[in-house]
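The values are calculated or read from the model by the stated rules, or taken from the named source; none is laboratory data. Given the structure is predicted, the values throughout are model-derived calculations rather than measurements. Don't worry about glycine lacking a Cβ; one is built from the backbone with ideal geometry, like all the others, and counts go over all protein chains shown. Accessible surface areas use protein heavy atoms only, side chains included; no ligands, DNA or RNA. Shrake-Rupley method; radii C 1.70, N 1.55, O 1.52, S 1.80 Å.
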Amino acid sequence: MSTLNIINKSPFEKRTLDQCLSRISKDDAVILIEDAVVVAMSGTSYDSQLKTATADKKLYVLTPDLEARGLADRSLLDGLTAVDYKGFVALVTEHDRVHSWL
Amino acid sequence: MEEEYSGGVEKKFIYINRRVPHGTAYAIESLETVLIGAAFDQDVSMLFIDDGVFQLKKDQNTESIEFKNFSKAYRALEMYDVEKLYVETESLQERGLSADDLLVGVEMIDRARVNELIDQQDVVLSF
Amino acid sequence: MKISILVNEGPYQHQASDSAYQFALAALESGHEVPRVFFYHDGVNNGTNLTTPPQDDRHIQKRWSALAQEKGVDLVLCVAACQRRGMVDEGERDRNKKDATNVADGFRISGLGQLIEAGIESDRLVTFGD
Amino acid sequence: MSNSIEVNGKELATDEEGYLENLADWEPGVANVMAEIDDCELTDNHWEVINFLREYYEEYQIAPAVRVLTKAIGKKLGKEYGNGKYLYELYPYGPAKQACKYAGLPKPTGCV
């Protein structure tokens with residue numbers, strides 16, 4: 001049993017991503033959408049924390065939102081997978097439930 | 001699911017509350033959903049984590065801001081057969097609160113067990 | 001698979017309604033069903049037919065209405081949220097003696113029970129909001 | 001355009017369906033006047049429900065769901081009264097709508 005967690009806020013502004021990561025298990029996945037995509041590149045101050053998370057959990061980022069914010073050509077954090085909307089839909093179906101951390 | 005809900009499908013719903021009440025409408029709208037949802041005879045849990053624990057704080061007095069004091073309605077949940085209220089211990093502690101500050105009896109749950117609880121659910125509604 | 005959607009934010013201020021729309025489109029294109037989109041909180045404002053966004057911007061309401069008409073997606077606005085925010089269909093107009101309606105084609109006003117029902121009858125429920 | 005009812009010499013504003021605009025205006029006479037308009041005579045049984053609704057609202061700040069109301073009435077008056085039929089006989093327009101109106105509770109949103 002596993003949960004797909006959706007995060008849509010920049011961790012530089014809101015603590016939602018931390019709050020999510022502190023509670024989910026290794027079978028769960030996280031997708032960064034909307035403003036949350038700003039943490040997807042390597043070289044941010046969240047680098048090491050997210051590397052710890054990707055060591056045992058699946059992290060995804062929504063490409064269209066990354067592109068819209070001018071970040072598509074930056075190198076993504078190791079272990080983070082970029083998906084389009086269809087990929088997002090597939091993730092929803094592959095997990096047992098979806099939890100949007102609003 | 002092939003069956004109709006009226007045909008007796010029972011799913012496990014969890015309502016996750018993470019916001020301070022009154023600054024936004026999420027707390028009251030979550031509660032309204034739970035109360036309406038109770039008529040569907042589903043298995044309902046409510047989880048209060050992060051700032052959501054403030055929703056259950058005793059002694060809320062909304063008179064001066066001219067809001068309805070809906071915190072009283074949490075005590076009616078039992079009559080709606082919503083009996084599973086969980087509050088995360090760490091969230092309370094971080095905010096300088098304890099179970100004595102809450103207006104209704106709840107089950108305290110450690111952060112490490114939150115995931116276990118969510119893992120048992122079919123539908124997650126987060127406000 | 002049946003995937004229903006909950007939208008908690010109004011149009012233009014927050015990306016939530018746009019994300020929900022793109023997600024719904026992708027789900028349908030992937031061969032899934034989207035039986036219902038439920039609009040709650042400020043999300044009910046997505047259903048007003050009184051908006052006139054500039055021509056070079058997306059028309060959020062029309063896009064949703066088209067999804068209802070072309071793909072049969074049931075667009076439901078929460079009645080309690082509508083009453084607070086001035087979303088009125090014919091039934092609400094008569095019931096509350098208002099002199100106008102503003103619910104766009106393809107949307108209907110109904111109760112929160114429709115959200116619970118979507119949760120029961122769909123395989124997944126995905127929330128978009130702030 | 002404005003609607004009102006007259007209770008003990010006071011003019012109280014109501015909405016088009018007859019619900020009090022200002023819940024603080026409620027007094028027992030309000031229920032009697034509203035019932036008169038509906039051609040309904042309030043018996044002790046009606047008052048049981050009205051009083052229950054007012055106490056419940058005072059305590060929880062919400063109107064009880066019909067099934068919560070029926071359960072509570074059954075508990076109070078005996079099992080044979082704890083059913084929708086009894087409440088609908090008392091309040092043919094529906095206990096949620098009519099009794100809440102007489103009791104000075106907010107108009108139900110029509111949710112579910």
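On the stretch given as the range A:1-16, residues that are outside any loop (DSSP other than H, G, I, E, B) and in contact with a Phe, Trp or Tyr (Cβ under 8 Å, 6 or more places away or on another chain) total 4. Only one of the numbered conditions (1) in a helix (DSSP H, G or I); (2) surrounded by 15 or more Cβ atoms within 10 Å (Cβ to Cβ) is violated by A:Glu67, and that is (2). When A:Lys57 is tested against (1) more than 25 Å from C:Val7 (Cβ to Cβ); (2) out of contact with any strand residue (DSSP E or B) (no Cβ under 9 Å at 6 or more places or on another chain), exactly one condition is not met: (2).
Here B:Gln93 meets the list (1) within 14 Å of chain D (Cβ to nearest Cβ); (2) open to solvent by 50 Å² or more (accessible area, probe 1.4 Å); (3) of a type in the set (S, T, N, Q) almost entirely, failing just condition (1). Determine whether the range D:23-30 contains at least one residue that is aliphatic (A, V, I, L, M), under 25 Å from D:Asn3 (Cα atoms) and surrounded by fewer than 18 Cβ atoms within 10 Å (Cβ to Cβ). Among the residues of the range D:23-30, at least one is aliphatic (A, V, I, L, M), under 25 Å from D:Asn3 (Cα atoms) and surrounded by fewer than 18 Cβ atoms within 10 Å (Cβ to Cβ), which makes the answer yes. Considering only the range B:49-65, I want to know if a residue exists there that is in a helix (DSSP H, G or I), within 14 Å of chain D (Cβ to nearest Cβ) and open to solvent by 30 Å² or more (accessible area, probe 1.4 Å). No, there is no match, as no residue in the range B:49-65 is in a helix (DSSP H, G or I), within 14 Å of chain D (Cβ to nearest Cβ) and open to solvent by 30 Å² or more (accessible area, probe 1.4 Å).
Scanning the range D:1-51 for residues that are free of Cβ contacts under 8 Å to residues at least 24 places away in the same chain, within 19 Å of D:Pro108 (Cβ to Cβ) and hydroxyl-bearing (Ser, Thr, Tyr) yields a single hit, D:Thr14. Among the residues making up the range C:91-102, those that are open to solvent by 60 Å² or more (accessible area, probe 1.4 Å) and either closer than 30 Å to B:Ala38 by Cα or not acidic (Asp, Glu) (or both) are C:Arg93, C:Asp94, C:Lys97, C:Lys98.
Looking across the range C:6-45 at every residue that is assigned to a strand (DSSP E or B) and more than 10 Å from chain A (Cβ to nearest Cβ), the one that is most open to solvent (accessible area, probe 1.4 Å) is identified as C:Glu33.
Look at the range D:61-100 and say how many of its residues are more than 29 Å from B:Gln60 (Cβ to Cβ), away from chain B (no Cβ under 14 Å) and not in a loop (DSSP other than H, G, I, E, B). Result for the range D:61-100: 13. When the range A:10-28 is filtered for residues that are open to solvent by less than 30 Å² (accessible area, probe 1.4 Å) and at the interface with another protein chain (Cβ under 8 Å from one of its Cβ atoms), the ones remaining, listed by number, are A:Gln19, A:Arg23, A:Ile24, A:Asp28. Residue count for the range D:101-112, restricted to those that are in a loop (DSSP other than H, G, I, E, B) and at pLDDT 90 or above: 4. Under the condition of being assigned to a helix (DSSP H, G or I) and under 12 Å from the mean Cα position of the chain (by Cα), the residues counted in the range A:52-64 number 3. When C:Val37, C:Val73, C:Val88, C:Val44 are checked against the criterion of being closer than 22 Å to B:Gln42 by Cβ and of a type in the set (Val, Ile, Thr), C:Val37 stands alone in meeting it.
In the range A:91-102, the residue that is nearest to C:His41 (Cα to Cα) out of those that are within 7 Å of another protein chain (Cβ to nearest Cβ) and more than 15 Å from the chain's Cα centre (by Cα) is A:Arg97.
Condition check ((1) modelled with pLDDT of 95 or more; (2) within 15 Å of the chain's Cα centre (by Cα)) across all residues:
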residue	(1), (2)
C:Pro53	yes, no
C:Arg63	yes, yes
C:Ala68	yes, yes
C:Lys71	yes, yes
C:Leu75	yes, yes
C:Val88	yes, yes
C:Lys98	no, no
C:Asp105	yes, yes
C:Arg108	yes, yes
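The requirement of being part of a loop (DSSP other than H, G, I, E, B), without any contact (Cβ under 8 Å) to a residue 60 or more places away in the chain, open to solvent by less than 40 Å² (accessible area, probe 1.4 Å) and not β-branched (Val, Ile, Thr) is fulfilled nowhere in the range C:58-79; no residue meets it.
Among the conditions (1) in a helix (DSSP H, G or I); (2) closer than 21 Å to C:Ala16 by Cβ; (3) not acidic (Asp, Glu), the only one that A:Gln49 does not satisfy is (2).
When B:Gln121 is tested against (1) modelled with pLDDT of 95 or more; (2) facing another protein chain (nearest Cβ under 10 Å); (3) part of a helix (DSSP H, G or I), only condition (3) is not met. C:Asp105 meets the stated requirement of being touching a residue at least 24 places away in the same chain (Cβ under 8 Å), part of a loop (DSSP other than H, G, I, E, B) and surrounded by fewer than 16 Cβ atoms within 10 Å (Cβ to Cβ).
Within the range B:6-33, residues that are without any contact (Cβ under 8 Å) to a residue 60 or more places away in the chain reach partners that are open to solvent by 40 Å² or more (accessible area, probe 1.4 Å) and β-branched (Val, Ile, Thr) with beta carbons closer than 8 Å, at six or more positions or on different chains, in the pairs B:His22/B:Ile65.
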